[in-house]
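First up is the structure itself, then whatever we jot down about it.
The values are calculated or read from the model by the stated rules, or taken from the named source; none is laboratory data. Predicted model only: the values in this text are computed from it and were never measured. Here the Cβ positions follow ideal geometry from the backbone for every residue, glycine too, while neighbour counts run over all protein chains shown. What goes into the accessible areas is simple: the full protein's heavy atoms, side chains included, and nothing from ligands, DNA or RNA. Shrake-Rupley method; radii C 1.70, N 1.55, O 1.52, S 1.80 Å.
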Amino acid sequence: MRTYSLSSLSTAERDALLRRPVLNSREMIERVQPIVDGVRTRGDAALREFAAKFDKAALEETLLLPPFLPKALKPEVKEAIKVAYNNIRSFHAAQADPKPLVVETMPGVTCSRHARPIQRVGLYVPGGTAILPSTALMLGVPAQVAGCKQIVLATPPHGDGSIADEVLYCAQLVGASAILKAGGAQAVAALAYGTETVPKVDKIFGPGNQWITAAKMLVQNDADACVSIDMPAGPSELLVIADSTCTPSWIAHDLVSQVEHGVDSQVVLVGIGLSPELLAEIEAEIDMVARRLPRSDIMRQSLPKSFILRVATRQEAFGFSNDYAPEHLILALADAEEALDSIENAGSVFVGHYAPVSLGDYASGTNHTLPTNGFARQYSGVNTLSFQKHITAQTITKAGIERLGPKVITLAETEGLRGHADAVRVRIGEPLPDAQGVGRGHL
């Protein structure tokens, strides 16, 4: 990992560190366009073709329907999934918005807001380099809690066309309606447009690599698809803010745990007043940990894209972190809980020395589908409200419109919208102004 000192960086150099090591989004969208167009125009035939090309899988069927029965799932794995499911459900159920919000804004005028589940949702569960049943839970549980009527999981199949037992079990737990045997941009396209067998959805959720992110952004901008997405959630990233109370081996394991996700992942260590000896110890631990893990070939490509930043004060550390807006943020500090108040931009924060990202990734209860690439400045991570929309309503009494109506007429006339004003006038008994330049014939 490269090492920089904040005090020696120019503004341009600091800004360069805030940019992620990813390809240009416009270039990525151009790459996924033919795949998306293929699925949109050729449906299941294109899905089978892309499954053979990208997943090396020969598909007899593109869609798997319930019940989802795993063939061989170890008892300890099933128990771990159940614990994770219960924790995630507990936290996300508390976020639900079951009661209408009702406000009488003035006598006779009552405004209300009503939560409704998004009817059809597509949940993308990555599976290219690792099986991720945790993502099936992170997306499926809030969809279940929110009351979505149709939940379609999409995940890459094995070479024989089967789906991982762990994902099948999670799909059964969350009440999934179907599993689409597809990964990559082709899965996103099938969810967005539908095919002969794949149902179209209203909103697509899920993390993924740059291909997934580009495909999600592409279909969201297509009015014909009429689909929304949760957020731009691309390659994994982690920023750690550490002071001299940190344990080098713990920091090293945290950093390495995120770069093993993929070759385009990035991790950052922001060290507050760390001595050269402590930094050297952390770097040595990173090298040792990375070498002994089975995905070391991936880390050889992702670690060179990562860096260490030395800062002198907590304010400098928090300032850089808030500008970077990381997906995951660890506060490895003596007074981490107090420091949380200084965090403005982050997907999810892991507070204190005993909170590795791994806990949030799997089973603490928070969601691991989080904004990346700096989008934590304006996006939240996936939550129960992500699977709901809100309908507003207004109930007006006769006394209410008589009180409010004249003000509305004034505003409508100010904007030159006579029809708006007249719709109020006819209700409160106010005479309509003479027509100007309009005859009695049809418009």
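What does the net charge come to around residue 329 if you take all other residues with beta carbon closer than 12 Å to its beta carbon, with K and R at +1 and D and E at -1? It works out to a net charge of -4. For the stretch 150-181 versus the stretch 250-273, the spacing of their alpha-carbon centroids is 30 Å.
For residue 80, neighbours were defined as the other residues whose beta-carbon sits under 14 Å from its Cβ, and their charges (Lys and Arg +1, Asp and Glu -1) total -2. The phi torsions of the stretch 240-256, fed into the Karplus equation with coefficients 6.51, -1.76 and 1.60 and a -60° offset, translate into couplings of 10, 9, 10, 10, 5, 7, 6, 9, x, 5, 5, 4, 4, 5, 4, 5, 5 Hz, rounded to whole numbers, with Gly and Pro shown as x. When the GluC sites (Glu not before Pro) in the stretch 330-415 are filtered for DSSP coil states and for at most 10 other beta-carbon atoms within 10 Å of their beta-carbon, the remaining sites are 415.
Compute the Rg/Rh shape ratio of the chain: radius of gyration over Kirkwood radius, all on alpha-carbon atoms. The Rg/Rh ratio comes out at 1.07.
When 148, 111 are compared by accessible area at a 1.4 angstrom probe, the order from most to least is 111, 148.
Our helix-only sum for the chain, with -39,500 (n - 2.57) per DSSP H run of n ≥ 4 divided by its residues, gives a mean residue ellipticity at 222 nm of -13000 deg cm²/dmol. Remark: the residue 315-residue 58 segment gains 87.0 nm on full extension, using 0.36 nm per residue and subtracting the alpha carbon distance.
Under the rule a/c < 1.5 gives rounded, and otherwise a/b versus b/c splits prolate from oblate, where does the stretch 233-301 land using the Cα gyration tensor? Present the calculation step by step, with values, prior to reporting the outcome.
Numbers: a/c = 2.62, a/b = 1.49, b/c = 1.76.
It comes out oblate by the Cα gyration axes.
Of all beta bridges DSSP finds with both residues in the chain, what is the antiparallel percent, to the nearest 5? Walk me through the numbers on the way to the answer.
Values: 16 of 54 bridges.
Taking every DSSP beta bridge with both residues in the chain, the antiparallel ones total about 30 percent.
With a simple spin-label model that places each label point 7 Å from the Cα along the Cα-to-Cβ direction, the separation between residue 334 and residue 390 comes to 4.2 nm. Distance from the Cα centroid of the stretch 88-114 to that of the stretch 337-411 is 14 Å (rounded to whole angstrom).
Leaving ligands and nucleic acids out of the surface, order 106, 288 by accessible area at 1.4 Å, largest first. Could you put the intermediate results ahead of the total?
Details: 106 55, 288 105 Å².
The most accessible residue leads, giving 288, 106.
Within straight-line reach of residue 398, meaning a Cα separation under 27 Å, sit the following lysines at least 8 residues removed in sequence or on another chain: 99, 407. Rounded, prolate or oblate for the stretch 325-382? Axes are the square roots of the Cα gyration tensor eigenvalues, ordered a ≥ b ≥ c, and the cut-off for rounded is a/c under 1.5. Oblate, since a/c reaches 1.5 and b/c is not below a/b.
Among rounded, prolate and oblate, which fits the stretch 117-256 when a ≥ b ≥ c are the square roots of the eigenvalues of its C-alpha gyration tensor, a/c under 1.5 means rounded, and a/b larger than b/c means prolate?
Numbers: a/c = 1.91, a/b = 1.65, b/c = 1.15.
Prolate shape, in that a/c is at least 1.5 and a/b is the bigger ratio.
Which percent of the accessible area of the chain is formed by carbon and sulfur heavy atoms (probe 1.4 angstrom)?
Values: 11390 of 21270 Å².
In the chain, the share of accessible area belonging to carbon and sulfur is 54 percent.
Computed over Cα pairs, the Kirkwood radius of the stretch 50-94 leads via Stokes-Einstein (1.567 mPa s, 4 °C) to a diffusion coefficient of 94 µm² per second. Here's the list of lysines a cross-link from residue 74 could span, going by alpha-carbon distance under 29 Å and ignoring same-chain residues fewer than 8 apart: 56, 82, 181.
For the pair residue 112 and residue 414, what calculated FRET efficiency results from E = 1/(1 + (r/R0)^6), where r is the Cβ-Cβ distance and R0 = 30 Å, to the nearest 0.05? It would help to have the intermediate numbers written out before the result.
Working: r = 27 Å, r/R0 = 0.92.
Using R0 = 30 Å, I get an efficiency of 0.65.
By a 1.4 Å probe calculation restricted to protein chains, residue 385 has an accessible surface near 70 Å², given to the nearest 10. Computed from phi, the 3J(HN,Hα) profile of the stretch 211-226 under the Karplus parametrisation 6.51, -1.76, 1.60 (θ = phi - 60°) reads 5, 5, 4, 5, 5, 4, 5, 5, 5, 4, 8, 9, 4, 5, 6, 6 Hz, with x in place of Gly and Pro. Under the combined filter of DSSP loop state and at most 16 neighbouring Cβ atoms within 10 Å, the stretch 58-108 retains these GluC sites (Glu not before Pro): 60, 61. The stretch 200-214 and the stretch 1-51 have Cα centres separated by 13 Å. Within the stretch 346-443, the chymotrypsin sites (Phe, Trp or Tyr not before Pro) that combine a DSSP coil assignment with at most 15 other C-beta atoms in a 10 angstrom radius are 354. In this structure the chain gives 48 Å² per residue of accessible area when probed at 1.4 Å with all protein chains present.
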